[in-house]
1. Report, in deg cm²/dmol and to the nearest 500, the calculated mean residue ellipticity at 222 nm for the chain, where each DSSP H run with n ≥ 4 adds -39500 (n - 2.57) and the sum is divided by the residue count.
2. Give the relative contact order (percent, whole number) for segment 32-128; include only Cα pairs under 8 Å separated by 6+ residues.
3. Rg to Rh for segment 35-103: what is it, with Cα atoms only and Rh by Kirkwood?
4. Which ³J(HN,Hα) values in Hz, rounded to whole numbers, follow from the phi angles of segment 61-76 under the Karplus curve 6.51 cos²θ - 1.76 cosθ + 1.60, where θ = phi - 60° and Gly and Pro get x?
5. What does the extension gain come out to for Ala89 and Val26, with contour length at 0.36 nm per residue minus their alpha carbon separation?
6. State the extension gain, in nm to one decimal, for the chain segment bounded by Ser124 and Val102, taking 0.36 nm per residue of separation less the distance between their alpha-carbons.
7. List the extent of the Cα atoms of segment 80-128 along each of their three principal axes, largest first, rounded to whole Å.
8. Mind giving me the nanometre distance, one decimal, between the label points for Ala115 and Val58, set 7 Å out from Cα along Cα→Cβ?
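Every number here is computed from the coordinates shown, using simple stated rules; none is lab data. Keep in mind that this is a model prediction, so the values were computed, not measured. Cβ: placed from backbone, ideal geometry, glycine included. Neighbour counts: every protein chain shown.
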Amino acid sequence: MPFNISRSAQFYDKEIFKFPPDGKFVDHGVLDATNVAQNSDPNQRTVVPAGTILAFSVTNPTQLIKYAGVGKIQGILGRPTDILAQVTAADEPVPVYWKNCVFASVAIVDFTLYASALVNDLKSSDFR
């Protein structure tokens with residue numbers, strides 16, 4: 001790390017499940033780092049929190065971005081992910097849960113905003 005520069009992050013690994021999943025329906029995906037907004041403080045790390053609703057990117061349809069009400073929900077991010085935002089080389093592999101899970105609705109990012117889309121797109125999962 002360069003002289004006189006420090007970075008720190010504080011985030012908590014929150015539990016996104018109401019009941020433990022069986023592990024069969026965890027998928028992997030890749031977060032599109034170019035579509036992640038960088039932290040406003042350049043000395044702080046950029047973290048995508050666990051429980052973020054994910055959809056495929058329009059610009060790169062094989063990678064995942066935070067759901068913004070457009071497209072089909074592909075799943076929910078399983079763990080917080082520290083990412084170097086706005087850099088293509090920083091695309092990050094992540095666990096994505098999408099089927100036969102009972103999610104804790106309070107732990108899902110923007111749950112109240114996208115509740116109907118979640119129930120519609122993740123039919124085999126439950127939100128409590």
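1. -2500 deg cm²/dmol
2. 31 percent.
3. 0.97
4. The phi angles translate into x, 9, 10, 9, 9, 5, 5, 10, x, 10, x, 9, 5, 9, x, 10 Hz.
5. Extra length from Ala89 to Val26 when fully extended: 20.2 nm.
6. Contour length minus Cα-Cα distance gives 7.0 nm.
7. 35, 21, 16
8. 2.7 nm
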